[in-house]
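The values are calculated or read from the model by the stated rules, or taken from the named source; none is laboratory data. Small disclaimer: the values here were computed from a predicted structure and weren't measured. With ideal geometry, Cβ positions are generated from the backbone for all residues, glycine too; neighbour counts draw on all protein chains shown. SASA here: full protein model, heavy atoms, side chains in, ligands and nucleic acids out. Shrake-Rupley method; radii C 1.70, N 1.55, O 1.52, S 1.80 Å.
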Amino acid sequence: MAENNIIHKIALSMLKGMNAEIIRHISDCGITPEEFFALEAPALADALKMPRINMLERMNRDEAIFKARKEKEVMDRHNIRGSFLLDDDFPVRLLHIADPPVMLYQLGHTDLDGLHIANVVGTRRPSPYGLDFAEKLIEDLSAYFPDLIIVSGLAFGIDAAAHKASIKAERETVAVVAHGLNMIYPAAHRPCKDDFKNRRIYRDRISFR
């Protein structure tokens, strides 16, 4: 049952046009993810008080389930965890942004609800001063906050400097990437993959339109 549950949640995130607002509406109507994919389109539209838009059609829902099963196989092979928008373990801070992702995919075990989290991002072509400043900033913050978590994007420049400074300071670091967790981009950072304590994807699989 738990296996099917996560597959249906992933499938919801793969439906074109799906977003946090619709997910909450589905829940408010008392429809579970399993029921969303089990009901026939007319009954589902009636239960949700929605017109029969494309995401409710059986063909599109079946295709989403197929893709979700493939996604789950990849997650199992690489020990990737998924958190659904309405799950208890979904990061609280993300619930307060305008359009949170439906699914969050995580490789690693850092607590994204940690008390002291700092986001450090910047130019891909920093000056020596910028690189020194990023490292000194994280060094100083680490001295005050032993539980500090640094979040950045794994890109060239300031992002990479922030991750490296976090590792040097023996603090946890989280990489928010714009691609799947089966790769590291830019490729120049691949030799450092064993140094990164956590690599994550914060990706809304479907954009809010």
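Structural remarks
- Solvent-accessible area assigned to carbon and sulfur over segment 52-160 amounts to 57 percent, based on a 1.4 Å probe.
- Amide H contacts for E172 (H built 1.01 Å from N in the peptide plane; partners 5 or more residues away or on another chain; cut-off under 5 Å): I150.
- Gain in span if fully extended, A178 to S27, counting 0.36 nm per residue against the direct Cα distance: 51.6 nm
- Applying 0.36 nm per residue to the separation of S127 and D62 and subtracting their alpha-carbon distance, the gain on full extension is 18.3 nm.
- Net charge contributed by nearby residues that have their C-beta within less than 15 Å of V92 (K/R +1, D/E -1): -4
- Charge sum, other residues only, whose C-beta stays under 15 Å from K136's C-beta, Lys/Arg counted +1 and Asp/Glu -1: -1
- On the beta carbon distance between D113 and N5, with R0 = 22 Å, the FRET formula returns roughly 0.50.
- Span from the segment 118-153 Cα centroid across to the segment 43-83 one, whole angstrom: 39
- Average projection area in nm² (convex hull over Cα atoms of segment 1-89, one quarter of hull surface): 5.6
- Rolling a 1.4 Å probe over the protein heavy atoms gives segment 1-133 an accessible area of 58 Å² per residue.
- Set of aspartates and glutamates with alpha-carbon distance to K164 below 13 Å, sequence-local pairs under 8 removed: D132, E135, E139, E172, D194, D195
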